[in-house]
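For reference, the structure discussed in these notes is given below.
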Amino acid sequence: MKLGRNDPCSCGSGKKYKKCCENVQKTSTESPAQVVMGVGWYLPEQWDRLREISEDRSELEDTYAEWVAMAEKSCQDLRAQGVDVYKIFVDVDELEAWCLKHGRAVTAEARAAYYAAKVQEESTRAPHHASLN
C-alpha cells in the first residue's frame, strides 16, 4: 500500500508524509531499496517513562501494545515501499539526555532526529548491518 502525500508518515514522526519521508525517497540518489530509515523501538517497561517525558504525550498511543501494533504496521508499510527499516532500540533516559544536549523538547520531531542520528552512528560503525524483515 502506497502512502498518500497527506497521510500521516508511517515513520511515526507525526508529520504528513509529504513533509517527512517522501522527500528522503525523492532526493535519494540510491535505489529505493537502499533508502534507510530508523524506527525507534521501546521496551515495554520504558513506555510509561517515554509518555511521562514527552511533551506530545497525548499524540502517543496509550498503551505499549497499541504502540507495537502501530509500529509494526509502519515498518511493514515502509518495507513495502522498498525502504530498509532498522529498529533503533531506544533507552528513554538516553533519548532524554540527547534532547537536553541538543536543546530540544522530547517531541515526535526530536525522537525522529534522534533515530536518524542513531542510524547514522550505526552506519559508520557497521555499514552492513541487517534490516528488519
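Observations
- Restricting attention to the range 25-63, the residues that are at pLDDT below 90, open to solvent by less than 20 Å² (accessible area, probe 1.4 Å) and not in a loop (DSSP other than H, G, I, E, B) add up to 3.
- Pairs, first loosely packed, with under 15 Cβ neighbours inside 10 Å in the range 96-113, second not aliphatic (A, V, I, L, M), C-beta under 8 Å, six or more apart: A105/E55; A105/C99
- Qualifying residue in the range 64-80 (condition: open to solvent by 20 Å² or more (accessible area, probe 1.4 Å) and within 25 Å of T124 (Cβ to Cβ)): yes
- Extreme residue, most open to solvent (accessible area, probe 1.4 Å), among residues of the range 81-95 that are more than 19 Å from Y64 (Cβ to Cβ) and touching a strand residue (DSSP E or B) at 6+ places or on another chain (Cβ under 7 Å): D84
- Candidates are the residues of the range 114-124 that are open to solvent by 50 Å² or more (accessible area, probe 1.4 Å) and in contact (Cβ under 8 Å) with a residue 12 or more places away in the chain; the one that is farthest from D93 (Cα to Cα) is E122.
The values are calculated or read from the model by the stated rules, or taken from the named source; none is laboratory data. These figures come from a predicted structure and were not determined experimentally. A quick note on method: Cβ atoms are made from the backbone with ideal geometry, for glycine too, and the neighbour counts reach across all protein chains shown. Please note that ligands, DNA and RNA were not included when accessible areas were found on the heavy atoms of the full protein model with its side chains. Shrake-Rupley method; radii C 1.70, N 1.55, O 1.52, S 1.80 Å.
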